[in-house]
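The values are calculated or read from the model by the stated rules, or taken from the named source; none is laboratory data. As the structure is a computational prediction, the values presented were derived from the model and not from experiment. Cβ placement follows ideal geometry from the backbone for every residue including glycine, while neighbour counts extend to all protein chains displayed. Accessible surface is based on the protein model in full, side chains and every heavy atom, while ligands, DNA and RNA are left aside. Shrake-Rupley method; radii C 1.70, N 1.55, O 1.52, S 1.80 Å.
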Amino acid sequence: MAKVGFKIVVVLFVWCAALTVAFVGMTCYLLTTGDYRKDCKPHSDNRPLEAGTDEANNTGQQFTHPTPLGARHRTSPHKDPTRKLPIAHIIALQKFDNGSVKWGTNRLESSLQAMDYDNGSIIVLEAGHYYVYSQVSFVGPSCNNTSEVLESKVLYQQGFNHSVLELMEATQSACEGSNKKRWYQSIRQGGVFQLDKDMRLSLKISPLGWAEMEHHKTYFGAFKIQ
């Protein structure tokens, strides 16, 4: 009976020791696993949480995906690469006794694209904001104590049924003092204007007799900017 009682005590002791070891091991495993999961939550690795997820809602933070860099600067649809920008650059070639000027549009120094030309006038084919400009160069004889006024006017007309009006004017005086030598003057002007379809632009020069008819000295034009 003593031997049997001793064996039972030993078995119970071993069984309790095994349970204790198993319990301690399980506790350590759970604690270790819990800390690892806690440290490896998605919001702790510097990555943004997706809006509307449980993790984002639990943290009380609002997360949104960043806008792509290209989209930040995309303010308008892609432009058609085949579309021609309206441009007109008309050069002076010859002046006549009746006060008219022969302008050129077909030479290398001139440009005419998506706009039209007719009898000294540039014709707008597409409404919008245009930069309009002109330059007129003058050359005169010696001055005899008489002042002369040089003028360059850009005129516009909304079709043939409307009056010709002044869009821009540039003036400059010459011969303000005695000068026995020939003198040279160039006057320039430019500005941005809202032009309508079928509007006609022309240039009036005074005095025409002193204007130089060369492509790099006297010209006018316009090009669309918006």
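Does segment 182-198 hold any residues that are of a type in the set (Phe, Trp, Tyr), more than 16 Å from Leu155 (Cα to Cα) and surrounded by 15 or more Cβ atoms within 10 Å (Cβ to Cβ), and which are they?
The one that is of a type in the set (Phe, Trp, Tyr), more than 16 Å from Leu155 (Cα to Cα) and surrounded by 15 or more Cβ atoms within 10 Å (Cβ to Cβ): Trp183.
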Quiz item: Is one or more of the residues making up segment 199-210 farther than 20 Å from Val164 by Cα and open to solvent by 30 Å² or more (accessible area, probe 1.4 Å)?
Solution: yes
Quiz item: If you go through segment 205-226 one residue at a time, how many are assigned to a strand (DSSP E or B) and either within 17 Å of Ala88 (Cβ to Cβ) or free of Cβ contacts under 8 Å to residues at least 12 places away in the same chain (or both)?
Solution: 6
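Could you pull out the residue among Ser137, Ser152, Ser173 that is in contact with a Leu (Cβ under 8 Å, 6 or more places away or on another chain), among the polar types (S, T, N, Q), closer than 18 Å to Ile91 by Cβ and part of a strand (DSSP E or B)? Quick ask: steps written out before the conclusion?
Numbers: Ser137 fails: in contact with a Leu (Cβ under 8 Å, 6 or more places away or on another chain); Ser173 fails: closer than 18 Å to Ile91 by Cβ.
Checking each option against the conditions leaves just Ser152.
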Self-check item: Selected residue (criterion: farthest from the chain's Cα centre (by Cα)) from residues of segment 164-181 that are modelled with pLDDT of 95 or more and buried (at least 16 other Cβ atoms within 10 Å of the Cβ)
Solution: Ala170
Quiz item: Can you name every residue in segment 109-148 that is open to solvent by 20 Å² or more (accessible area, probe 1.4 Å) and more than 22 Å from Arg188 (Cα to Cα)?
Solution: Gln113, Ala114, Asp116, Asp118, Asn119, Leu125, Glu126, Ala127, Ser142, Asn144, Asn145, Thr146
Quiz item: Which one of these does Gly128 not meet: (1) closer than 24 Å to Lys102 by Cβ; (2) modelled with pLDDT of 85 or more?
Solution: (1)
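Only one of these is farther than 17 Å from Ser134 by Cα and charged (D, E, K, R): Lys204, Lys181. Name it.
Working: Lys204 fails: farther than 17 Å from Ser134 by Cα.
Every option except Lys181 fails the conditions.
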